[in-house]
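Here is the structure we will look at, set down as C-alpha cells.
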Amino acid sequence: MNYLPLFTALPLLGAFLIPLLSKIWERLSDIISNVITTLLLILSVYSLFLLPIFGKVYVYEIGKWAIKPIPLGIVFTFDNLSLLMVLVINLLSFACSLYSITYLDNYTARWKFWTLFLLMVAGLNGVAITGDLFNLFVFIEISAISSYALVAFGVEKEDLEASFKYQIIGEIAGLTILLAIALIYAKTSTLNMADIANTFAKESKGPLFWFIISLLTFGFLIKSALFPFHFWLPDAHSQAPAPISAMLSGIFIKVVGVYALSRLIFNIFGLNRLNASHYFNLLLILGIFSIVIAGFIALKQENYKRLLAYSTISQVGYIFVGLGLANFWSITGALSLIFAHALGKGLLFLTAGPVEKEAGSLDIHLLSNFKKRMSFYGIVYTLGALSLAGIPPFLGFFPKIFLILGAIKGKRFEVAIILGIFSLLTLAYLLKITNKVFTKKEGEEVKGVSSIVISFLFLVFLIFILGLFYLNYLEPNLISKATEAVISGVEYARLVLIK
Amino acid sequence: MSSFELLIILPIILGFLGYLISFLRNEFYFLGAILNFYYAIRIFLISRKIEVTRKIFNILNFSVDKLSGFVLLFISLFTLLILIYSIRYLKYYEKKKEYFYYFLLIGAIGCGTVLAGDILTLIIFWGILLSLISLIFGFFQYATKEGGEFAFVKSISILGFSDFLLILGLGLLFISYGNLSFNLKLPLNNTINILSFILITIGCFAKAGAIPLHSWIPEISKVAPAPTMAFIPASLDKLLGIYLLLRISYYLFDLNTNFVLKNYLMIIGSITILAAVLMALIQKEVMKLLSYHTVSQVGYMVLGIGTGIPIGIAGGLFHMLNNAIYKSCLFLTAGQVEFWTKETKIEKLGGLAPNMPITFTSFLISALAISGIPPLNGFFSKWMVYQGVIYLYKEGNYLFPLYLLSAMLGSILTLASFLKLTHSIFLGERPKEYEKIKEVNFSLWFPSALLAFLSLLFGILAIPLPIKGLIYPSLPFRIEEFGFWQPLLAFILIVLGVIVGFVIYLFGAVKKVERKDIFVGGELLKEEERHFSGDQFYSPIKEAPLLEKGYEFGEEGSFDFYNYLTAIFSGFSLLFKEVIDYILELIYHQIAYFSEIFGGLLRKIQSGILSDYLFVIFIGIIIILLILIL
Amino acid sequence: MLPYLGCIILFLIGIYAILTKRNLIKIAIGFCLLEYSVNLFFAFIGYKKDALAPIYANLSQARNFVDPIPQALVLTAIVIGLGTTALLLSVALRIYEKYKTFDIKEIKRLKE
C-alpha cells in the first residue's frame, strides 16, 4: 500500500497542472480532474480489499523518516476508519466531478473551479489519512481555504456574504485548533498522533488536559456545524454552487469535523464513556439540540437549498448523538450515517443544480408555480429523501435503526424515542420539496443532461445497492471494522508504533 | 437453481421483459405470474412432506414449512387471478405497464417475505415490499380522483412508521440473540422479548389493518382502483400481516407464556371488529364501505390468534384465508360494477342483478360468506374463533364474554351492512341510464367467480378440504375435534329449503305482485321519485344517543393515528415558533447589556449579522470550558 | 511569563475587534491579531532560557538547544494565515463593490 501519498499527491498534482494546461484547451481541465477523481475512487476501492492483508493499520513513513525509535518524521496512517472516510470522500467527489462537467456550463472560469475543487479533495483525503497532528491542521486549512473560495464562486452578493461569514467563523475554529496543537506540543514535545496518545496515557488528566480538549472540541464542533456553532452552515451551503454544496454537506463537515474530532477524542486522548461520561453527555445533549432545533427550522424553510442545509445540521446532530452514546451500536450507526448522509444529501444538493438552472430560482413558492415538469429529478430527489429519512430498504435506514438500538442498549430510552420521532420529522420536511416542486400533473417535461444524469444514477444505484447489501457486506467488512477502530481507543497508538 | 430462487426471480425477469415489450403484448406478465404459481405449487407440495431450508449467497436464508407453504400458495394464486383481472380492467390506463410490472414484483417479493427463514431476510423483504407498495400507490396519486396526494402520504406514513417499528423490534432481537430462525418458541418473560414482540405486532397490525393503524385502508380506497384494493389491502397484506403475527406468536415466541399480551391482542381484535363495522355501516361509497369491512374482519383473526386456544388459533388462520378469498372477490365484483357504471356512490346504483347475473351471484355468495351465513366458509372460521373464545373460561380468563359479545355483534352488523349493500347495488330500483349494461367479459368475471366458488367449496367441504388439509397441519399443536356441526348436512337441508321455497314460489299465490301508483297528499308520485336507495338504511344508527358521539369522533378522524401525529408535530412547531420565542424574549429583555444581545439572538437565531454568530459561538466555548474543566 | 501574558493580551484584543467592530477590514485586522497571537505563542513554546540555536558542527559537551520544530511549524502557519487573510480581504473588497458598504451589520441578506 505504498501508494498512500497518492491520495493527496494526485489531486494536488491536478490542481497545479490545470492552470497551466487549461491555457491550451479549456476542456482539458474537465478531463484532468475527472481522471484524477476516478483514479482516486479506484485507489480507495482497491484499498478496501488491500487493507485486511496489511492488518488493522498501515503506516507510511514520508521520506523514510523511520517512526522508530523516535517518531520525528511525518507519517500517514491508514486504518479502517480512514478507509471508511477515504471511500466516502472519493465516492462523492467522483460523482460531483462527473456532475460538474455539464453543470459548469453555467459559469465562466472552469479551470479555477477545478483547481479549487481538487485542492479541497486533496485536503480532505489528507485529513483522513494523516497521522501527524500538525499535518492534520495543514490539510484542514487547505480544504477549508479552497471551500471558502468555492462558496464565493458565483460572486453574487449573497455568495460573497456567505463566504465572508464562513471564513471568519471557520478561521476562528482553525486558530483554536492551532492553539490546541501548540498546547499539545508544549506538553508532549511530539506531533505524531500515536506518540501523543502514549504520552497522554501515562499522565493524569489535569485541567490543562481538559482545556486542550475543550479547545479542540470547540474548533471541531464549529467545523461540523453542531448547534450552537452552526450559523455559518445554512449560508455557506445554500450559496455555494450545487456540487460544492454537495461536497461540503456530504463530506466536508464530516471529515474535517466529525472524523477529526472522533479520531482525536477516542484514539489519541483515549476518552470513553467510563472515564469521561460528562464529555460524552455534552456531545449527546448538543446533538439532540441540533436534531430538534434544526429540524424545526428546516420545516419552516422556504428555500430549496437552505432547507437541505438545515437538514444537514439536524443529521449531524444524529451523528453526534451516536458518538455521545459511545457504545458499539451507536458508533456503528454514526459511522453508517456518515456514509449514508454523504450519498443521500449529496444527491439532494445535486438535484438543486438543474432545478435552479431550469426555473431560475430556488424559492419553493416560486418553484411550485413553475410550469414545467421535472419528473426525473423528482424521482431522484425522492429516493434520496427516503434514504435520508430512514425508509427501508435504502441505505439511510440502517444508521437510524442502529442509533436507536444503540440508545436502547445504552439505557437512554428518551434518546431512542427522540430519534424515532425526529426521523419522521426528517421525512416531513424533505418530502415537502417533493410535494411542492416535483409533483406537477401537466406541463412540458424537462430533459435531463448527460453527465448530470449519470452522476445521479451512480448515486441512486449506490444508495439502493448498498442498502440491500448493508447487513451482509458493508457492515461487517467496512463499518463494524471502523467502529472497532474507534472503540478500541488508544489501541491505535500501539498498532501504529509497533510497525 | 431451485424452486425458491425461480419463484422470486422469474416473475421479476419476465415482468421486466413484459415491461420492455408491453406496447405489443401482455403475455409476459401472465407467464411470470403463471410460473410463479407453478413454483408455488411445487414448493407447497414439497412443504407438505418435509421442511426445507436454503441459503442463497450467504445473504438470504429461505425456509418453508407447512404454514408458509400454504400461505405462499395463496399469495401466488391471488397474484395470478388479480393480474388476469387487472389486465382487462386497466386496459386503457395510461401507465399500465409500470403498474403490471410493480404488481408482479409485489407478488414475487410477497412470496419471498413468506419464505424468509431468518430475521435478516425478513427485514430485507419487508423493506423492499414497503417501497414497492409505495410505488404502486404513488401511481394513482394523481391518476384517479381528488385527495389522492393526501391518501398516498397518509398510507405511506402509517405503513412506513409501523414497518419502522417492526424492523426495530426485529433488530432488537437481532442484536440480543443474533440472527434467529423463526421456530424457537422463546418465552415472553423478559423485557427485550416483550418489547420486540409488541413492536413487531404493531407492524403486523398496520399491515393487516387493525385499529388504530387501520386508517390507511379506507383512505387509499379513494385512490386505488378495485384490483389494487383487492390485491394489496384485501389479500396480500392480510395474508402477510396475519401470517407474521401467527409466526411470531407461536413459533418465534410462545404467546401462551404471557397472559397480558394475549389479552392485548384480544382487546385489539375485539375493538377492531366492533369499531370498524360501526364505521362501515354508515359509509356511502362502495369501496370505502368494503375497506372498513376489511378492517373489521382483521379483528376476528387477531382475536382468534390472541386466544391461545388451538381451535381459536386455527379459526384465526382459517379466517385469514377466507377473508382473503371473499374480500378480494367483493372488491373485484365492486370493480366490475364500477367498470361499466363508473360509479361508486351507493345511492346512485341499483337494480343491476338482471344485467350482471354472474357478478351478482359472486357478490352475493361472498357477501353471505363475510356475514357468516352457514354453510359458507366465513361462518365456519368465525364459529371456530367463537369456540376458542368460549374455551377461555377454562383458563380463568373472565373477559371472554366481552370478546364473544363483540365478535357476535360484529357478525350481525356485518350482515346488516351487506344486506344494505346488496340491495342498493343489485336489487332495488334501477336508474334509467344503467338499463343497457351488459355482463363484463370473461377475464373480468372469471377471477371473482372462481373466488366465490372457493368460498362455497371451503364452506361446504370445510372439514375435509381446508381444515384438515391446510389449516390443521400448518399449526404446531394438536387440535381437538369438534363434531356438532355437519356442513354437508346443513347445506343439503338449506338447499332443500330453497327448493321447497322455489316450488312454493312457482305454484303458490305469491306469483303475482300487484303494482299500484303511489300518491302523496293526493299527488301522483313520479317514477324517479320512487327510487329508494339502500344507503339510508342505517342512518338512524348515527343518531342513537351513545353512538352519536363516537361517530362524530370517527368522522372527524379522532380514531386516526395519523391525525394525532400531524397534530402533535404542528403543535410542536407552533410551540417552538411562538411560545418559546416569546418567553425567551420576556426573560432576556429584563437583564441589561447581556440580555439585549441574547434576546435579539434567540428571537431570530439566524439574524444574518456576523457578530451575533460570533458572540453565540464564544458563549458556546465558555460553556464547554466550564463543563469540561470544572 | 511576561511574553505569554503579551500573547494573551494580543489574543483578547483580536477577539474584541472581531466581536465589536463593524468594519469588515477591522474585523480582518482583528482576525490577523488573533492569528499572530497564536503564532507567537507557538514560537514561545520552543524557547528555552540561555539555549543555543540547534546548529552545530562539533559538539564536545552537552548543551541546551532551543526546540526548532515550533519555528518550522509557525512558518507554515504564517503562510496559511497569509492565504486566508488575502482571501478574506479580497472577498471584503468584492463585498464593498456589491454592497457599497463595509459595515457588517448592513450585510445581512442571508438570514433566518
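The values are calculated or read from the model by the stated rules, or taken from the named source; none is laboratory data. Owing to the predicted nature of the structure, the values given are computational and were not obtained by experimental measurement. Cβ placement follows ideal geometry from the backbone for every residue including glycine, while neighbour counts extend to all protein chains displayed.
Here are some notes:
- Among the residues of segment B:154-193, the ones that are over 28 Å from the mean Cα position of the chain (by Cα), without any contact (Cβ under 8 Å) to a residue 40 or more places away in the chain and farther than 22 Å from A:SER480 by Cα come to 3 in all.
- All conditions but one from (1) buried (at least 24 other Cβ atoms within 10 Å of the Cβ); (2) within 14 Å of chain A (Cβ to nearest Cβ); (3) of a type in the set (A, V, I, L, M, F, W, C) apply to B:LEU120; the one that does not is (1).
- Test: residue in segment A:238-258 that is surrounded by fewer than 24 Cβ atoms within 10 Å (Cβ to Cβ) and within 14 Å of chain B (Cβ to nearest Cβ): no
Residues checked against (1) away from chain B (no Cβ under 14 Å); (2) at positive phi; (3) not small (Gly, Ala, Ser):
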site	(1), (2), (3)
C:ILE27	no, no, yes
C:PHE41	yes, no, yes
C:TYR56	yes, no, yes
C:SER60	yes, no, no
C:ARG63	yes, no, yes
C:GLY81	yes, no, no
C:THR101	no, no, yes
C:LYS111	no, no, yes
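- Helices (runs of 4 or more DSSP H) (entirely within segment A:295-403) containing at least 1 residues that are away from chain B (no Cβ under 12 Å) and surrounded by 24 or more Cβ atoms within 10 Å (Cβ to Cβ): A:304-325, A:328-359, A:375-389
- Within segment B:347-431, helices (runs of 4 or more DSSP H) holding 2 or more residues that are free of Cβ contacts under 8 Å to residues at least 12 places away in the same chain and of a type in the set (A, V, I, L, M): B:400-426
- Considering segment A:48-72, the residues that are of a type in the set (Val, Ile, Thr) and at pLDDT 80 or above include one that is surrounded by the fewest Cβ atoms within 10 Å (Cβ to Cβ), namely A:ILE53.
- Total residues in segment A:132-179, condition within 18 Å of A:ARG306 (Cα to Cα), small (Gly, Ala, Ser) and at the interface with another protein chain (Cβ under 9 Å from one of its Cβ atoms): 3
- Within this structure, A:GLY406 fails the test of being at positive phi and either aromatic (Phe, Trp, Tyr) or facing chain B (nearest Cβ under 10 Å) (or both).
- Of all residues in segment B:140-151 being surrounded by fewer than 23 Cβ atoms within 10 Å (Cβ to Cβ) and of a type in the set (A, V, I, L, M, F, W, C), the one that is modelled with the highest pLDDT: B:PHE150
- Scanning segment B:423-443 for residues that are crowded, with 19+ Cβ neighbours inside 10 Å and either polar (S, T, N, Q) or modelled with pLDDT of 85 or more (or both) yields a count of 1.
- For segment A:479-490, a residue qualifies if it is surrounded by fewer than 22 Cβ atoms within 10 Å (Cβ to Cβ) and either not β-branched (Val, Ile, Thr) or not in a helix (DSSP H, G or I) (or both), and the qualifying residues are A:SER480, A:LYS481, A:GLU484, A:SER488, A:GLY489, A:VAL490.
- Hits in segment B:167-225 - residues which are closer than 24 Å to B:LEU135 by Cβ and assigned to a loop (DSSP other than H, G, I, E, B): B:GLY209, B:LEU213, B:HIS214, B:SER215, B:LYS222, B:VAL223, B:ALA224, B:PRO225
- Residue match in segment A:205-220 (condition: buried (at least 24 other Cβ atoms within 10 Å of the Cβ), within 14 Å of chain B (Cβ to nearest Cβ) and closer than 28 Å to A:PHE94 by Cβ): yes
- Test: A:TYR60 is closer than 30 Å to A:TYR473 by Cα, assigned to a strand (DSSP E or B) and out of contact with any Lys or Arg (no Cβ under 6 Å at 6 or more places or on another chain): yes
- Considered as a group, the residues in segment A:427-472 that are within 13 Å of another protein chain (Cβ to nearest Cβ) and hydroxyl-bearing (Ser, Thr, Tyr) include one that is nearest to A:LEU87 (Cα to Cα), and that residue is A:TYR470.
- B:TYR393 vs. criteria on the phi < 0 side of the Ramachandran plot, modelled with pLDDT under 85 and not acidic (Asp, Glu): yes
- The residue that is farthest from the other protein chains (Cβ to nearest Cβ), counting only those in segment A:189-198 that are outside any helix (DSSP H, G or I) and more than 26 Å from the chain's Cα centre (by Cα), is A:THR190.
Here is a yes/no grid of residues against (1) basic (Lys, Arg); (2) at pLDDT 90 or above; (3) part of a helix (DSSP H, G or I):
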| position | (1), (2), (3) |
| --- | --- |
| A:SER163 | no, yes, yes |
| A:GLN167 | no, yes, yes |
| A:GLU171 | no, yes, yes |
| A:GLY174 | no, yes, yes |
| A:LEU178 | no, yes, yes |
| A:LEU183 | no, yes, yes |
| A:LYS187 | yes, no, yes |
| A:PHE200 | no, no, yes |
